[in-house]
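What follows is one structure encoded as C-alpha cells, with my remarks underneath.
The values are calculated or read from the model by the stated rules, or taken from the named source; none is laboratory data. Please read all numbers here as calculations on a predicted model, not as lab measurements. Cβ atoms come from the backbone with ideal geometry, glycine included; neighbour counts cover every protein chain shown.
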Amino acid sequence: MIVPAEVVSYDPRWPLWFAEISTALEPYFGELPHVIEHVGSTAVPGLAAKPIIDLDIVVPSAALVPAAIERLVAAGYRHEGDAGIPGREAFALPPGAAHYHHLYVVVEGNKAHRDHVLLRDHLRTNAVDRERYATRKRELAHLLTTDRTAYVAGKGELVEELIARADGSRGAGGPGRTGAEAR
C-alpha cells in the first residue's frame, strides 16, 4: 500500500474508515480490557490532514501491553517498537489493509496517550488553532514526498505549543478522554 503523501481537506469518510478498522480489530481483543480511540488529524472534523487514520489501542496498565502486542501480531500487524516515542508501541500495516492507518498501543493516561487526546480534543474545540495547524501542514506538505522527517519536525514546535495550551486549559469537565465516543 502506498503511503499517502499529501495534505487534503477534511473528508467525512475518515470516521467511517476508523470505524471499519476498529471493528476489524475488536475480535482479536476479546476480554482484554481496552478502548480503541481515533486520534490524529483525521479525528478532527474540519481539519486538513494526510488521509491516514491514527488509532490508539488504550489499555489500562503496562502489564497488558505485551498481550495487546501479541493480539495485533496475530491480526497480521508487525510490531515496530516505540518508533522513537516512549510509551507508544507502533505497528506496520498488515497485508491487504483496506485503509492506510497508523496503529499504536498506549497505556491509559501515559504521556503518549495524553498528548494524542489533548491535541485532538483541543483542535476539535478551537477553530483558530485548528486553522493554524492546517496552515502549517499545508506549508510543509511539499516535504511529504522528499523528507517526511522534516515534515514532522516542521510541525513539532506548533504541536508542542498546542498540547501545552490544551493541557493548561483542562479543568473539571474540560476536554479529555472520549473512549465511548471513539468506539
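Report whether or not residue 119 is hydrophobic (A, V, I, L, M, F, W, C), buried (at least 17 other Cβ atoms within 10 Å of the Cβ), within 20 Å of residue 24 (Cα to Cα) and in contact (Cβ under 8 Å) with a residue 24 or more places away in the chain. Please lay out each step first, then the result.
Working: hydrophobic (A, V, I, L, M, F, W, C): yes; buried (at least 17 other Cβ atoms within 10 Å of the Cβ): yes; within 20 Å of residue 24 (Cα to Cα): no; in contact (Cβ under 8 Å) with a residue 24 or more places away in the chain: yes.
When the stated conditions are applied, residue 119 does not pass them.
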message: Go through (1) farther than 17 Å from residue 156 by Cβ; (2) at pLDDT 95 or above; (3) of a type outside the set (Val, Ile, Thr) for residue 98 and report which single condition fails.
response: (2)
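Can you tell which of 139, 108 is modelled with pLDDT of 95 or more, surrounded by fewer than 21 Cβ atoms within 10 Å (Cβ to Cβ) and over 20 Å from residue 163 (Cα atoms)? Before the answer, list the steps.
Working: 108 fails: over 20 Å from residue 163 (Cα atoms).
The unique qualifying residue is 139.
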- request: Check whether at least one residue in region 69-78 is on the phi > 0 side of the Ramachandran plot and at pLDDT 95 or above, and report yes or no.
  value: yes
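Inspect region 113-135 for any residue being assigned to a helix (DSSP H, G or I), modelled with pLDDT under 95 and among the charged types (D, E, K, R) and give the result as yes or no.
Keep residues of region 113-135 that are assigned to a helix (DSSP H, G or I), which gives 113-125, 127-135.
If we keep only those that are modelled with pLDDT under 95 too, we end up with none.
No, there is no match, as no residue in region 113-135 is assigned to a helix (DSSP H, G or I), modelled with pLDDT under 95 and among the charged types (D, E, K, R).
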